[in-house]
Amino acid sequence: MPKAILYDSTLCIGCRACEGACAERWGFPYNDKIAAEEKISAHKLTAVETHGDRFCRRLCMNCLEPTCVSVCPVGALEKTQLGPVTYDAAKCMGCRYCMQACPFQVPSYEWNQRLPKMRKCDMCYDRQRQGKVTACSEVCPVGATITGDRDGLIAEARQRIAAKPDAYYGKIYGLKEVGGTSVLYLSAVPFEQIGLRTGVPQEPLPETTWRVLELLPDVVSTGAVLLGGIWWVTNRRAEVARKEGHGK
Amino acid sequence: MKGKLPKITVWRVIFAAIMLCGLYATWLRVFYGLGGSTNLSDQFPWGLWIAFDVMGGVGLAAGAFTLVATVHIFNIEKYKPVLRPAILTAFLGYILVTVGLLYDLGRPDRLWHPLVMWNPHSVMFEVAWCVTLYSTVLFLEFIPMVFERFGWHKPMGWIHRISVPLMILGVLLSTLHQSSLGTLFLIVPEKLYPLWYSPILPLLFFVSAIGVGLAMTIFESWHSTREFGRALELPLLASLARVLAVVMSVYLWIRFLDLAHRHAFGLLRQNREETWLFLLEIALMAVPTVLLYQARIRMRPGALYACAVMVVFGFVANRLNVGITGLKAASGAAYFPRWSEIAITLSIVAAGFAIFRVVAHYFPVFEAASHEAETGRTEQKEAEPLSVG
């Protein structure tokens, strides 16, 4: 059963404990200055954004059919059975196609390193493999971020909406976005008001390029026969012309 | 030759200045990373080096496969004089694209990774294999010029034996590579501005590459006549220009149909950067297309050259628009290349011109052409574009 995260922005108090726990887990520095940076970056893989009097936490969505995994030319990114999308820095050649392709603008790059890596949240794959919840879920004092089975969390989210219909916008972000994500959002207001991208397609994106890529064997084989055939015909014609020329 | 010296010196000074700036920018790139040498950011991860050096460079090298197919597969032999320069352009082009990639990749030392670590679902994986294989094919198509220069007949025979499958392979790989650069952007339907995002991007990239390949052939023929004092094979280029006009017409018509079917024309009413750069791109391609339908334009070297240059610029504008302009709005970030990005790009272009000159000087690149020019084509009538052998 794949794991997921449910983030309920109506509960979030913006204490940024999740940011600190995440930095600690990755071994990144964390201080007031970094806390004030309200965007994810190579040294801050989750960030709490302020939208008026509301908060919204950003992190990798660990999509069910991840775009980044499909576009990586060296297979450095992997969708695990458990749910997290993991990254193998030893394979990465730094083409940054994952960053270009990600519909949520999640992957960050170590721009100022001489030997840079891509960085993103991997839903604490190492912890989850040991049966533990993510560092951010563990530390959240109000239960705004919780980890669990995806189906269970969807049921939980629906229950919360049903129990307090006035407190919620009534939809779950991440249910259908790009075919579904491992991070699910609840909000009191429409999602674009807390900075989430609502324009993303509802279908998985890898399909857009695969539709063309899967034609490759057909194009190559048909092309080879066609070009070979044309050469055979035109060459024959030239040969005949040459012979006739000699005859005269 | 001596009389031209002052003019050449001016160009050499410019060349040296560009190369020095490029050298300093290279130092920044190596020691301060992409952050210290580019204006790229997490929101805008691809810039000038991908949009121009790679996407533009590969397209500008498209003359080789177009002419190889024309001369050796369709057997239209009269275009042979412009075949070798096109192959040299493409071979240098692919080497320089690889150099551009070495600058752009975060880990250039891992350029070889896609050959070992496979992901057939990735367009970038296909691109990596196309670059590698087609560079090899271009090397084998170019090497006979070296063999000929030194009179090595034996290896010449080996190449000759595999030449037909080699050329077919080259055309197939080019078809895949040119189109796959368009396929790269199919993954960003919600990010790329609708004037450029289209499900038929691969087809559009392929057709426009054929056009720019022909334009580049006219472009380099014109330059080589000035540099090497050869007679311009004007009738031949004029008939090539006729083909170019048709290819660009087909391209523009597909573009029009595509925009119409996607109901994207309404966007042109908005006064935005995208609108103006789109119109510039279309104008740079449409104007020469219309002009080239007129015989008096085709038969005037200056006008013919100007039209070819416009097509090249229009093509480059298209690649820059797809790779940069069209992605800006959705990224939420401002991007304009830093001086060091521009310096490296200019250095690569300048190096391309310089190496082409040197190679064309020492190897029989234009020789086949000059023989035929000597046989007195005094009447200067346009050659028929499609007369078969």
Quick one: would you say B:GLU233 is among the acidic types (Asp, Glu), closer than 26 Å to B:TYR293 by Cβ and within 21 Å of the chain's Cα centre (by Cα)? no
Looking at the range B:112-156, which of its residues are acidic (Asp, Glu) and over 16 Å from B:LEU176 (Cβ atoms)? B:GLU141, B:GLU148
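From A:LYS164, A:LYS171, A:LYS132, which residue is charged (D, E, K, R), under 18 Å from A:PHE191 (Cα atoms), free of Cβ contacts under 8 Å to residues at least 12 places away in the same chain and assigned by TED's automatic domain parsing to the domain that holds A:ILE194?
Of A:LYS164, A:LYS171, A:LYS132, the one residue that is charged (D, E, K, R), under 18 Å from A:PHE191 (Cα atoms), free of Cβ contacts under 8 Å to residues at least 12 places away in the same chain and assigned by TED's automatic domain parsing to the domain that holds A:ILE194 is A:LYS164.
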Taking the range A:185-222 and keeping residues more than 10 Å from chain B (Cβ to nearest Cβ), assigned to a helix (DSSP H, G or I) and crowded, with 17+ Cβ neighbours inside 10 Å leaves A:PHE191, A:ILE194
Verdict on B:GLY57 being under 29 Å from B:ASN321 (Cβ atoms), of a type outside the set (A, V, I, L, M) and free of Cβ contacts under 8 Å to residues at least 12 places away in the same chain: no
Of the residues that sit in the range B:296-314 and are touching an Asp or Glu at 6+ places or on another chain (Cβ under 7 Å) and either surrounded by fewer than 19 Cβ atoms within 10 Å (Cβ to Cβ) or modelled with pLDDT of 95 or more (or both), which one is farthest from B:GLY211 (Cα to Cα)? B:MET299
Has the range B:45-61 got any residue that is modelled with pLDDT of 95 or more, more than 8 Å from chain A (Cβ to nearest Cβ), farther than 25 Å from B:LEU133 by Cβ and part of a loop (DSSP other than H, G, I, E, B)? yes
Checked against (1) at pLDDT 95 or above; (2) in contact with a Ser or Thr (Cβ under 7 Å, 6 or more places away or on another chain); (3) loosely packed, with under 15 Cβ neighbours inside 10 Å, B:ARG338 satisfies every condition except (3)
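For the range B:95-126, name all the residues that are within 7 Å of chain A (Cβ to nearest Cβ) and in contact with a Ser or Thr (Cβ under 7 Å, 6 or more places away or on another chain). Show your work before the answer.
Of the range B:95-126, the ones within 7 Å of chain A (Cβ to nearest Cβ) are B:105-107, B:110-111, B:113-114, B:117-119, B:121-126.
Of everything in the range B:95-126, those that are within 7 Å of chain A (Cβ to nearest Cβ) and in contact with a Ser or Thr (Cβ under 7 Å, 6 or more places away or on another chain) turn out to be B:HIS121, B:SER122, B:VAL123, B:GLU126.
Would you confirm, using the coordinates I've provided, whether B:SER163 is part of a helix (DSSP H, G or I) and surrounded by 22 or more Cβ atoms within 10 Å (Cβ to Cβ)?
Spelling it out, it is not the case that B:SER163 is part of a helix (DSSP H, G or I) and surrounded by 22 or more Cβ atoms within 10 Å (Cβ to Cβ).
Checking the conditions here, which among A:LYS39, A:LYS33 is farther than 28 Å from B:HIS113 by Cα and within 14 Å of chain B (Cβ to nearest Cβ)? It would help to see each step written out before you state the result.
Values: A:LYS33 fails: within 14 Å of chain B (Cβ to nearest Cβ).
Every option except A:LYS39 fails the conditions.
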Which condition number does B:HIS72 fail, the rest of (1) within 14 Å of chain A (Cβ to nearest Cβ); (2) part of a helix (DSSP H, G or I); (3) free of Cβ contacts under 8 Å to residues at least 60 places away in the same chain; (4) not hydroxyl-bearing (Ser, Thr, Tyr) being met? (3)
Starting from residues that are buried (at least 17 other Cβ atoms within 10 Å of the Cβ) and of a type in the set (A, V, I, L, M), keep the ones in the range B:29-44 and report whichever is nearest to the other protein chains (Cβ to nearest Cβ). B:LEU34
Which pairs do you get when a residue that is more than 7 Å from chain B (Cβ to nearest Cβ), found in the range A:92-107, comes within reach of a residue that is surrounded by fewer than 24 Cβ atoms within 10 Å (Cβ to Cβ) and among the aliphatic types (A, V, I, L, M), reach meaning Cβ atoms under 6 angstrom, with the pair 6+ apart or on two chains? A:PRO107/A:MET99
Would you call A:ALA36 farther than 17 Å from A:GLY174 by Cβ and of a type in the set (Gly, Ala, Ser)? yes
Is at least one residue of the range A:120-130 within 30 Å of B:ILE187 (Cβ to Cβ) and touching a Gly at 6+ places or on another chain (Cβ under 6 Å)? no
Given the criteria within 14 Å of chain B (Cβ to nearest Cβ), crowded, with 22+ Cβ neighbours inside 10 Å and touching a strand residue (DSSP E or B) at 6+ places or on another chain (Cβ under 7 Å), does A:CYS68 qualify? yes
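The values are calculated or read from the model by the stated rules, or taken from the named source; none is laboratory data. Just so we're clear, the structure is a prediction, and the values are computed from it rather than from any experiment. Methodologically, a virtual Cβ is constructed for each residue, glycine included, from the backbone with ideal geometry; neighbour enumeration extends over all protein chains shown.
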